[in-house]
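The values are calculated or read from the model by the stated rules, or taken from the named source; none is laboratory data. Because the structure is predicted, anything quoted here is derived from the model rather than measured. FYI the Cβ positions are ideal-geometry reconstructions off the backbone, even for glycines, and counts take in every protein chain you see. Heads up: the accessible areas ignore ligands, DNA and RNA and are worked out on the full protein's heavy atoms, side chains in. Shrake-Rupley method; radii C 1.70, N 1.55, O 1.52, S 1.80 Å.
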Amino acid sequence: MTELGADPTGKRDSSDAIEKAIRQVEEGHFRVRWIHFPAGTYRVSKPIVGGRFVTLIGDGSEKSIIKLID
């Protein structure tokens, strides 16, 4: 995720980077069908709609957090 611009510090909006990763997985740009979120807090400003057969995984429920901001 961080390679595509997602910010694990929670300081910047990661919505576009997450959506880009989902699209790339759906289009077959990667051999895997999952997206890994390293430990951190990822802020999003809009709902993230998961792709078909795309799994979001992290380093644990207390370590990889996706947080909707107002």
Quick check: is even one residue across segment 5-14 among the basic types (Lys, Arg), open to solvent by 40 Å² or more (accessible area, probe 1.4 Å) and within 11 Å of the chain's Cα centre (by Cα)?
no
So if I check each of Ser64, Ser45, which one is within 11 Å of the chain's Cα centre (by Cα) and of a type in the set (Ser, Thr, Tyr)?
Ser64
So which residues in segment 36-54 are under 13 Å from Met1 (Cα atoms) and either without any contact (Cβ under 8 Å) to a residue 12 or more places away in the chain or among the β-branched types (Val, Ile, Thr) (or both)?
Thr41
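Condition check ((1) open to solvent by 90 Å² or more (accessible area, probe 1.4 Å); (2) of a type outside the set (Ser, Thr, Tyr)) across all residues:
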{"position": "Val25", "(1), (2)": "no, yes"}
{"position": "Arg31", "(1), (2)": "yes, yes"}
{"position": "Trp34", "(1), (2)": "yes, yes"}
{"position": "Gly40", "(1), (2)": "no, yes"}
{"position": "Val44", "(1), (2)": "no, yes"}
{"position": "Arg52", "(1), (2)": "yes, yes"}
{"position": "Thr55", "(1), (2)": "no, no"}
Across segment 1-25, what is the total count of residues that are modelled with pLDDT under 90 and in a loop (DSSP other than H, G, I, E, B)?
1
Of the numbered conditions (1) at pLDDT 90 or above; (2) not in a helix (DSSP H, G or I), Gly28 fails exactly one; give the number of that condition.
(1)
Filter result (polar (S, T, N, Q) and modelled with pLDDT of 95 or more) within segment 38-70
Thr41, Ser45, Ser64
When the residues of segment 57-70 are filtered to those that are of a type outside the set (Asp, Glu) and touching a Phe, Trp or Tyr at 6+ places or on another chain (Cβ under 8 Å), which remaining residue is most open to solvent (accessible area, probe 1.4 Å)?
Lys67
